[in-house]
Amino acid sequence: MQTDIYIGIDMGSTGLKAVAFEAGSGATLGSAGDALPHRRLDGGGCELAAPAIRSALFQALRSVAHQLGPRAAQVRALACTGHGAGLYALDARGELLRGAAVASTDQRANARARALAQRHGPALFDDVGCHPWAGQPTMVLAELLARGELSRGAIRHLVFAKDYLSYLLTGELASDASDASTAGLLSLATGRWSSLAFEAAGLGGLGEALPALVSSGTVIGRLLPDAAVECGLPAGLPVAAGAIDLLASLVAVGAPQRGQAVAVLGTWCVNAVVAPVRESKPPVGAIVHFGVPGERLYLENTPSSMANVAWLARTLQFPSAAAVVECAMTVPLGAAGLRFAPFINGGGAPANASAGFIGLAGHHDRAHMARAVVDAVVWLHAQHLGRLAGFGLGTPGRVAALGGGARDVRLVQLIASFLGHAVDRCGDDETGARGAALYAALSQGAGLDALPAACTPVEPATGEAAQAHARFRTEFAELIERLAPAFAHVARAAA
């Protein structure tokens, strides 16, 4: 008896992967992917060349098809997910303008986003569910237009990372509500494109470049013959609309059904929960209208989670981010008094937050620096999760840890110890790709249980260790709050 296979493609902030899953068992049958070669530019720019995206996509699919062998004929559909926002602007030929996409971690529009937040922040939050931030398509686009690096007349289409991948496979342009809303372009009240989002950014009229919105799990096209030959999969294979990687990950582990909050230990510090619509909007980092009536995705996040660890690995020449964590764990919690503000790509609160070591002394070495960075990254996730819980969002005491950082059980236990309760660890599973594959399965009539994912609970520290973690969390929160004037001073000096 043949079993259906579904493929999920996940383009994150740092890499792209494709994974094939077996229906029913949820087993991984093939997996491939690699890091994406982002270009770091002056002023905080971060871009990715179009050929690099295309090459990564087709190499990953070819490898998965090769691993499947004859079973590639059993693939029934595929879907894509990806990081939110950034800028994927296409010209009349369907090619990326300037031959590159802009990553969501791009910081060149920081000053523009801060200025817009002062003028229109409350109105935008009420309309689209978030305040302006540097990596939004509107902010990036306005900044590049002002610099003369883009021509407004050349812009024909504005899409998102996952949509661009689907376009390369099918030649069809479509998106979904989760990406549009996370980018701050969708009205929470109407579920349609927000004119305010574009007008406030000085981009009135460009909303016409946005694609049609379809429900996640809807077939939007079929694998083109040339693309099928190049990746070794059947021509005409259905390609379904996915969702932003965060929502795909939540769906993959069944978190929405349980009211479970998730911490995604990826490049970004993302913490979220699906909950019923509130008449009075809670003042969280963002509220996302993802297309399900009566429900919203509530977020607390900053652009800096494991990005801090990756930065330290590059700066101190560790062989990998995993090596940073390994070194950090040779030093006890607290790093002998050394602290790190974990905002290497900026932060949300306090305003203008930036990164730096506090309390650095001659007796500290690279292990203390590594521990300080790791402590701060995990602390930030715990603080965000605590804020969500404080607004009554999610089932109390139910949290799952996802993303690359969750592969290390010690980081998950650190979150659990800061929170004071067990946390489900799903770090051995490619949850973003699994969620995308699940949307592909849904497009073919399968149910939400088609690709089950395994999660295991990780218990927090107990006794004196539990008390030490509680003290650290409280004292570190006070430190970051008191650094607010310093962050503002540094921001003014850099303006």
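Over the chain, consider all pairs of different Cα atoms and compute the Kirkwood hydrodynamic radius from their mean reciprocal separation; express it in Å, one decimal. With all distinct Cα pairs of the chain included, I get 22.7 Å. Placing unit charges on the Cβ atoms of the charged side chains and taking the dipole of region 393-495 about its Cα centre, the candidate lying farthest along the positive direction among Leu451, Pro396, Leu438 is Pro396. For Val277, the residues whose modelled amide H falls within less than 5 Å of its own, excluding neighbours fewer than 5 places apart on the same chain, are Glu295, Arg296.
Pair-distance distribution P(r) for region 382-495, from all Cα-Cα distances in 5 Å bins starting at 0: 2, 10, 14, 15, 16, 13, 11, 8, 5, 4, 1, 0 percent. Mean projected area of the convex hull spanned by the Cα atoms of region 5-248, taken over all viewing directions: 12.5 nm². Using θ = phi - 60° in the Karplus curve 6.51 cos²θ - 1.76 cosθ + 1.60, the 3J(HN,Hα) couplings for region 190-195 round to 9, x, 10, 4, 8, 5 Hz; x is entered for Gly and Pro. Neighbour counts of C-beta atoms inside 10 Å place Asp375, Asp365, Asp42 in the sequence Asp42, Asp365, Asp375, starting with the fewest.
Please compute the Kirkwood hydrodynamic radius of region 227-281 from all pairs of different C-alpha atoms, in Å with one decimal. Walk me through the numbers before you get to the answer.
Values: mean 1/r = 0.0711 Å⁻¹.
Computed over Cα pairs of region 227-281, the Kirkwood hydrodynamic radius comes out at 14.1 Å.
Once the mean of 1/r is taken over each pair of separate Cα atoms and inverted, region 158-286 shows a Kirkwood hydrodynamic radius of 16.6 Å. In sequence order, region 340-356 has phi-based couplings of 9, 7, x, 10, 5, 10, x, x, x, 9, x, 4, 6, 4, 9, 8, x Hz under the Karplus curve 6.51 cos²θ - 1.76 cosθ + 1.60, θ = phi - 60°, and Gly or Pro positions carry x. Per-residue ellipticity at 222 nm computed for the chain from its helices equals -11500 deg cm²/dmol, with DSSP H segments shorter than 4 residues left out and the rest contributing -39,500 (n - 2.57).
Could you please rank Thr330, Thr218, Thr431, Thr81, placing first whichever residue has the fewest other Cβ atoms within 10 Å of its Cβ?
Details: Thr330 10, Thr218 14, Thr431 31, Thr81 35.
Lowest count first: Thr330, Thr218, Thr431, Thr81.
What is the chain's relative contact order, in percent, from Cα pairs under 8 angstrom and six or more apart in sequence?
Numbers: 1149 pairs, mean separation 81.4, N = 495.
With pairs under 8 Å counted, the relative contact order is 16 percent.
Would you tally the net charge around Glu47, using a Cβ to Cβ cut-off of less than 13 Å, leaving Glu47 out, and scoring K and R as +1, D and E as -1? Value of the local net charge: 0. The Cα atoms of region 98-169 define a convex hull whose projected area, averaged across directions, is 5.6 nm².
Classify region 183-257 from the C-alpha gyration tensor, please: rounded if a/c falls under 1.5, else prolate or oblate depending on whether a/b exceeds b/c. Judged from the Cα gyration tensor, region 183-257 comes out oblate (a/c at least 1.5, b/c at or above a/b). Taking amide hydrogens as placed 1.01 Å from N in the peptide plane, the amide H of Ala461 sits under 5 Å from those of Ser417, each at least 5 positions away in sequence or on another chain. Separation of region 4-32 and region 54-73, taken as the distance between their Cα centroids, equals 11 angstrom. Length gained on full extension, Ala494 to Arg71, computed as 0.36 nm times the residue gap minus the Cα-Cα distance: 146.6 nm.
Counting Lys and Arg as +1 and Asp and Glu as -1, each charge on the Cβ, what is the dipole of the chain about the Cα centre in debye, to the nearest 20? Mind dumping the intermediate values first?
Numbers: 37 positive and 39 negative charges, 131 e Å.
Approximately 620 debye in magnitude.
In plain terms, the residue of Ser443, Ser320 with the fewest other Cβ atoms within 10 Å comes first and the most crowded comes last, giving Ser320, Ser443.
Over all other residues within a Cβ to Cβ distance under 12 Å of Arg108, the charged ones net out to -2, with Lys and Arg as +1 and Asp and Glu as -1.
Bear in mind these aren't lab numbers, they're just calculated from the coordinates by the rules spelled out. Computed from a predicted model, the values in this text were never measured in an experiment. FYI the Cβ positions are ideal-geometry reconstructions off the backbone, even for glycines, and counts take in every protein chain you see.
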